[in-house]
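Engineer: Below you'll find the structure I mean.
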Amino acid sequence: MSGSSAWFKKVAVVVVFLVATVGLTAAVYKDRIFTPFDKEYYLTDEQVAFIRPGFNVEITDYNIAADRTVTLTFTAKDAGGLPLDLNGVYTPGSIRISFLIAYLPEDGYEAQYVDYATRSVTSPITDVTAIQPTSDSGTIEEIEIGTYKYTFGQQLPADYDQDATHTIGFYAERDLSEFDLPNRVANGYVTFVPSGAPVTQVRQVTTDAACAQCHDDLIAHGRRHLVELCVLCHYAGVIDPDTGNSVDFKVMIHKIHDGKNLPSVQAGTPYEIIGYQQSVSDFSDVVFPQDIRNCVTCHVADAAQADAWFLDPTMAACGSCHDNVNFATGANHAGGPYTTNQYCANCHFPQGEFEFDASIKGAHTVPSESNQLKGINIDILDVSNSGPGQTPTVLFSLKNNAGDPIDPASLPFLNLVMAGPTTDYTQTISESATGAVPVGTVQSGVSMMAAGEYTYTFQTPIPEDAEGSFAMGAEAYRNVVLNPGTVDEFTQRETAHNPVFYFAVTDPEPVPRRTVVSTTNCDSCHRDLALHGGIRHDPTDYCQLCHRPNANDASERPADELPAQTIDLRFMVHRIHMGENLTRNFTIYGFHGSVNTFNDVAYPSDQRTCAKCHVDGTYNVPSGGIESVVDEREFFSPIPPNSAACLGCHDTVDAAAHAFTNITSFGESCGACHAENRDFAVAKVHAH
């Protein structure tokens, strides 16, 4: 009778929760919690009320008993804060959760966690046995639906350090696959000192937010995504027995991100980690999407030990990227042999007198960000004489960072770039403005107006049939000797960021080109995306001037490799970021015939999250483009603007056939199904 009563109470509680949830659905679940790129966003109110999507776990209490048994209390809730049943009986979706406890054995930058629970793993390849950390095998007791008690199966050692920092971590997963929803994971941790003293020892050299700059929501091993959780198992001395490679966090992460450029990889040895059930992860093709010397990209200022990278050099950390150095023998190490980290800082101190010296910050100076560069700053102030058939005159300023004028004639390269119309660029005109007399005129191409201000009159006129508005951009560089007079002297190209100025041709007022992506979004991963020798930077406005729908690589592609490949920005960038997921070759021939094949590009996030790059819903159709992309290498050409964007990622013949059959002589029908709020809206079909 008591059992039946308990069952009835549980069911009654669940019913109350379901009724309460219905009223919260629209405001809480959709508008506040899920985005259009989450599958949960498209559930009906009734589905939300039943499924109660979302997943959050929190440790609410913990205790170490006199016999050193560790217990904790935790809650499991949906996105609306309502309790979940671990077994998936009273609420949909079973939940599996694992716990571990680790401690920091010492203080300082080199202190790393040690997991109390370990396992022995023997490689079937090498027969080497390694001791690896693992999760605990304990028991769970239900206190009430949504609240549980976990008892660790392994007691702490009799001599455990009660004054050391301890962390209990967990990783959990809720299975909603029966509703065609992705399994959602929850990670968390609590950090404490068993004696009750305040936590002073920490291990945090990077943060989840730093990783999310590129990775968005990084998940490894199926259920783990917090950096604070990763370091509980990935510490010094832990190896992959199949390859012998260390899986110490600092070593493994450095090597993964330097992948293709590791000396060992370039010498012919792949960098691999063989994991669970002999799964092989080969990182030999990984290319960090910015200069690997940008240590502060990952070692961000708000990490508790953000300065560890330059205050505490170690053989393990430094040798992870510089893996051709043998510290024991001194091979490839100017300082000779070393066996401990004790003396590393004698040569590799935090910062020296010169950039590019043996100090940590000096050795990791990014040349393009050197303080010795004075800066090239171009600002386009006005464009006059800008009607159809006229040769426009550009007023611009050219100064260094101190505001001092730069003589255009002192620069080996200074181009003004004109493109139009802004509705969709179809033509680009680029002319040198360094002071050389343009062909066909007796006037100087450049004349000084005031300190740092100059005018340049184009030799090529705006087309007679031009309409609307045009854009004017600029690009420049000069070669600068850095560390002059020292043994570290070298020449660095200094470039200018690219201004874009919109001007009217026939419009009453200038109409800017539509904004589709944000340079800020690009630089979240690339830091300062600069291509073509570093002279072109701005994906928001500038790259489009040349990467237009009717542009291709014909001028550089060998005759036996024709037809040409389009370099239209929307098509090209989608293809590049699809990289290793493409089904066909994608190669662009660049300056001096350089061959650029992008099929090995590993995108570090989920390509379905269009908003990672796009702004303000510009991934929706119909798009703002009006011109078709010309590409004879594709299944059909020209490709109308909406289809071109989609086929940039979806490169199969099936996708091309789908697009082609929905194109008529008077337009594309993409919006009929894929427009915003339609059954197959772009965000909805990309939701995950």
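The values are calculated or read from the model by the stated rules, or taken from the named source; none is laboratory data. Remember, it's a predicted structure, so these values are computed and weren't measured experimentally. Here Cβ is always computed from backbone atoms with ideal geometry, including for glycine, and neighbour counts include all displayed protein chains. These accessible areas exclude ligands, DNA and RNA; they are computed on the full protein's heavy atoms, side chains included. Shrake-Rupley method; radii C 1.70, N 1.55, O 1.52, S 1.80 Å.
Engineer: Is it the case that some residue within region 189-204 is not in a loop (DSSP other than H, G, I, E, B) and not aromatic (Phe, Trp, Tyr)? Reasoning before the result, please.
Structural biologist: Going residue by residue through region 189-204, those that are not in a loop (DSSP other than H, G, I, E, B) are 189-192.
In the following step, the residues that additionally are not aromatic (Phe, Trp, Tyr) were identified as 190-191.
Yes: region 189-204 contains one or more residues that are not in a loop (DSSP other than H, G, I, E, B) and not aromatic (Phe, Trp, Tyr).
Engineer: Also: Of all residues in region 576-589 being surrounded by fewer than 16 Cβ atoms within 10 Å (Cβ to Cβ) and not hydroxyl-bearing (Ser, Thr, Tyr), which is nearest to Phe680 (Cα to Cα)?
Structural biologist: Ranking the candidates gives Asn581 first.
Engineer: Tell me which residues, restricted to region 344-362, are touching a residue at least 40 places away in the same chain (Cβ under 8 Å), open to solvent by 30 Å² or more (accessible area, probe 1.4 Å) and among the hydrophobic types (A, V, I, L, M, F, W, C).
Structural biologist: Phe354, Phe356
Engineer: Mind listing just one residue for me: the one in region 461-490 that is under 18 Å from Ala530 (Cα atoms) and not aliphatic (A, V, I, L, M) and, of those, most open to solvent (accessible area, probe 1.4 Å)?
Structural biologist: By that ranking, first place goes to Asn479.
Engineer: Please report, ordered by residue number, the strands (runs of 3 or more DSSP E) entirely within region 99-168 with at least 2 residues that are over 25 Å from Val227 (Cβ atoms). First the steps, then the outcome.
Structural biologist: Values: elements: 118-122, 129-133, 139-144, 147-151.
Counting at least 2 such residues, we get 118-122, 139-144, 147-151.
Engineer: State yes or no: is Gly259 part of a loop (DSSP other than H, G, I, E, B), free of Cβ contacts under 8 Å to residues at least 40 places away in the same chain, small (Gly, Ala, Ser) and more than 30 Å from Val70 (Cβ to Cβ)? Explain how you work it out, then say what you get.
Structural biologist: On the way: part of a loop (DSSP other than H, G, I, E, B): no; free of Cβ contacts under 8 Å to residues at least 40 places away in the same chain: yes; small (Gly, Ala, Ser): yes; more than 30 Å from Val70 (Cβ to Cβ): yes.
No, not satisfied.
For (1) more than 30 Å from Glu676 (Cα to Cα); (2) in contact with a Leu (Cβ under 9 Å, 6 or more places away or on another chain); (3) buried (at least 19 other Cβ atoms within 10 Å of the Cβ); (4) modelled with pLDDT of 95 or more, each residue gets a yes or a no:
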{"site": "Phe17", "(1), (2), (3), (4)": "yes, yes, yes, no"}
{"site": "Thr44", "(1), (2), (3), (4)": "no, no, no, no"}
{"site": "Ala79", "(1), (2), (3), (4)": "no, no, yes, no"}
{"site": "Glu110", "(1), (2), (3), (4)": "yes, no, no, no"}
{"site": "Tyr113", "(1), (2), (3), (4)": "yes, yes, yes, yes"}
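Engineer: Separate question: Just to verify a result, which residue in region 642-681, among those that are charged (D, E, K, R) and over 12 Å from Ser623 (Cβ atoms), is surrounded by the fewest Cβ atoms within 10 Å (Cβ to Cβ)?
Structural biologist: Quick first cut of region 642-681, residues charged (D, E, K, R) only: 651, 654, 668, 676, 678-679.
Okay, now just the ones that are also over 12 Å from Ser623 (Cβ atoms), so 651, 654, 678-679.
Details: Asp651: 19, Asp654: 9, Arg678: 16, Asp679: 11.
Among them, the one singled out is Asp654.
Engineer: A further question follows. Would you call Gly169 touching a Gly at 6+ places or on another chain (Cβ under 8 Å) and either closer than 30 Å to Val89 by Cα or open to solvent by less than 40 Å² (accessible area, probe 1.4 Å) (or both)? Step through it out loud before you land on a result.
Structural biologist: Working: touching a Gly at 6+ places or on another chain (Cβ under 8 Å): yes; either closer than 30 Å to Val89 by Cα or open to solvent by less than 40 Å² (accessible area, probe 1.4 Å) (or both): yes.
Yes: the conditions hold for Gly169.
Engineer: Between a residue in region 271-292 that is closer than 19 Å to His577 by Cα and part of a loop (DSSP other than H, G, I, E, B) and any residue that is open to solvent by less than 50 Å² (accessible area, probe 1.4 Å) and of a type in the set (Phe, Trp, Tyr), which pairs come within a Cβ distance under 9 Å, given they are 6 or more apart or on different chains?
Structural biologist: Every condition considered, the pairs that remain are Phe283/Tyr271; Ser284/Tyr271; Val286/Tyr271.
Engineer: I would also like to ask the following. Mind counting the residues in region 79-98 that are in contact (Cβ under 8 Å) with a residue 40 or more places away in the chain and part of a loop (DSSP other than H, G, I, E, B)?
Structural biologist: Looking only at region 79-98, we keep the residues that are in contact (Cβ under 8 Å) with a residue 40 or more places away in the chain, and these are 79-80, 82-86, 88, 90-98.
Still in the running and part of a loop (DSSP other than H, G, I, E, B): 79-80, 82, 84-86, 88, 90-94.
Within region 79-98, residues that are in contact (Cβ under 8 Å) with a residue 40 or more places away in the chain and part of a loop (DSSP other than H, G, I, E, B) number 12.
Engineer: Counting residues that are over 21 Å from Ala551 (Cβ atoms), which helices (runs of 4 or more DSSP H) fully inside region 628-688 reach at least 1? So that I can check it myself, show each step before the final result.
Structural biologist: Numbers: elements: 641-649, 653-660, 670-674, 682-686.
It comes to 653-660, 670-674, 682-686.
Engineer: Please go through region 284-306 and pick out each residue that is open to solvent by less than 50 Å² (accessible area, probe 1.4 Å) and charged (D, E, K, R).
Structural biologist: Filtering region 284-306 down to residues open to solvent by less than 50 Å² (accessible area, probe 1.4 Å) leaves 284, 286, 288-291, 294-295, 297-300, 303, 305-306.
Scanning region 284-306 gives a single hit, Asp291.
Engineer: Could you pull out the residue among Gly593, Gly617 that is exposed (fewer than 14 other Cβ atoms within 10 Å of the Cβ) and more than 21 Å from the chain's Cα centre (by Cα)? Can you show your working first?
Structural biologist: Details: Gly617 fails: more than 21 Å from the chain's Cα centre (by Cα).
Every option except Gly593 fails the conditions.
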